[in-house]
1. Roughly how much of Thr278 is accessible, in Å² to the nearest 10, using a 1.4 Å probe?
2. Counting other C-beta atoms within 10 Å, and keeping those with at most 16, which DSSP coil chymotrypsin sites (Phe, Trp or Tyr not before Pro) do you find in the range 498-545?
3. For the range 159-279, what does the accessible surface come to per residue with a 1.4 Å probe? Please give it in Å².
4. At 1.4 Å probe size, what's the solvent-accessible area of Ser372? Round to the nearest 10 Å².
5. Suppose accessible area is computed on protein heavy atoms with a 1.4 Å probe; arrange Thr357, Thr393 from highest to lowest.
6. What do you get for the angle between helix 492-504 and the principal long axis of the chain? Use alpha-carbon atoms, 0 to 90 degrees, nearest ten.
7. Using a 1.4 Å probe over the heavy atoms of the protein chains, calculate the carbon and sulfur portion of the accessible area of the range 292-435 as a whole percent.
8. Let's test the formula: R0 of 56 Å, r as the Cβ-Cβ distance of Glu448 and Ser66. What FRET efficiency results, to the nearest 0.05?
Amino acid sequence: MERCFSVSGDDRAPCSLPPPNVLPPPGYLPPVPPSSPPSSLVTPCQQGRLSFAGAMVDVSKWPLFSLLSREEQATIRQACVFGIFGNEAIYITHRDEVFVFGLNYSGCLGTGDSASTIIPKKLDLLGGKKVISLSYGSGPHVLLATEDGQLFTWGHNGYSQLGNGTTNQGLSPMLITANLQNKKVVGVACGSHHSMALTQDGEVFAWGYNNYGQVGTGSTSNQPCPRRVSGCLQGKMAVGITCGQTSSMALVDNGEVYAWGYNGNGQLGIGNNGNQMTPCRLTALQGLCIQQIVSGYGHCLALTDEGLLYAWGANTCGQLGTGNKNNHLSPVQIMADKERVVEVAACHSTYTSAAKTQSGQVYMWGQCRGQSIVLPYLTHFTNTDDVFACFATPSVMWRLVSMEHGDFMTLAEALRKEFDSPETADLKFSIDGKFIHVHKAVLKIRCEHFRSMFRSQWAEDHQEVIEISQFSYPVYKSFLQFLYTDTVDLPPEDAIGLLDLATSYCENRLKRLCQQIIKSGITVENAFTLLCAAIRYDAEDLEKFCFRFCINHLTQVTQTDAFWQIDGAMLKEFIGKASRHGAFRN
């Protein structure tokens, strides 16, 4: 049975987030541990659920990824956004190249320095390695596990959370082998300033900051290198791990959950608020088989294999979804009146919770853009990741998201791929001696012109080739491609021809896109030609824009060939209109 989960740390603060990057000095035990970015164990079962109901994650919904072009975004296979303001990002391409960009606080990007960058930089050491798990802490520090079982760490290391035996900052990815030789790491998780790793044989290792026993050694001494967690986990097969801010949890193969570390708000779910220095079983979940656990800033959500949802811990913003703001030291069932839940989500830098049901409905509750929502609220989203992109503060990812769904391809991707494909097309256009292969069904669905055409007797004759003479090949191909992709990529001069086509076919959205292309590409040399085209195609908004441009650059425009080659009547009309606008005064 596959399981995956993520849990969080404490919450004794009001409903606002303190800076997660603030570090206490060594030896200081703060009354409220610092908050931290989301920690999530990304296992194959988590990534598989991303494709449940066919929902795809759009990385451009996170502000940082809007810096990338559409072409760059299309190369992304996996991605993670983190940081106090969602200002750091790492992504892996379909070619298994690893890129990072952002603020680079504490060298958490692994670029070899602490310089920020809005231009993605490649981490050559990780190139070609398939990433199976990634997590990060408050410093921030980053843990990454590869398909071949290697563990790499980098970033803040003031409490030995990188596991390399030192407290020196890690500016570049470092392979960690101490106590992990001959072990294959399959999962990683970060707390505020401590770390955990899960091996293929079900062993749990922990290291780093240990002020509340979150490393599970039975003491509060910091742990400089990975050390196996035993106690109640001895002899048990762990299938998942996760860290809260200063707490840790492990899931074993029979569905039992064990927790240790800080428990000031009951986030361990053991019925009290006493800290635990070694693993302690959540007896309140006895009789239930847990398959996923996630955590927010100081609360936890647990999902059973029957689709039942339980919550416990801090509830200052309604993040437990119980209808009030009362904390709970033990798990309580929520969403009992909803259909079966198939996924829950939270990240411990936020007070936000989310869940997805069997039919694909996505709910959110807790702190959502500053508002406290105390009961699960039905959204229009198709995946839980969108909740954190649009409503969480900061706008981070609660897990390493995957754009790859096995062989799954979205409808938009499939249409884009099959445009001008001879293998699947059932119709082709012939323009200037060149063919464009298309699909009748797509044209009928997307364009009223073709829908009317295919209703005629012509459609019953099974004609396979249509000759086009009134438009050029680049223009007509761009039009057909627009029907498949909703995008246009033409220079302004060709966009004039496409504007003519859009007007003829009554494609108003395409007409507007053409006008945008023309506006962005207007120059002194082509301004008058574009103005005349706008008049000819009855594009009033574009005509006004081009006219203003010509007036603002009148001397240069009147010296171009296009100005003097124009029809006399149109030239006379332009001069009269320009004169009425005061263009020839003085």
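1. 60 Å²
2. Tyr505
3. Details: 3780 Å² over 121 residues.
Per-residue accessible area for the range 159-279 comes out at 31 Å².
4. Counting only protein heavy atoms, the figure is 50 Å².
5. Solvent-accessible surface, decreasing: Thr393, Thr357.
6. So the inclination is approximately 80 degrees.
7. Of the solvent-accessible surface of the range 292-435, carbon and sulfur hold 49 percent.
8. On the way: r = 33 Å, r/R0 = 0.60.
My answer for the efficiency is 0.95.
The values are calculated or read from the model by the stated rules, or taken from the named source; none is laboratory data. Nothing here was measured: the structure is a model prediction, and the numbers come from that model. Here the Cβ is made from the backbone with ideal geometry for all residues, glycine too, and neighbour counts use every protein chain on show. Calculation scope for accessible area: heavy atoms of the full protein, side chains included, ligands and nucleic acids excluded. Shrake-Rupley method; radii C 1.70, N 1.55, O 1.52, S 1.80 Å.
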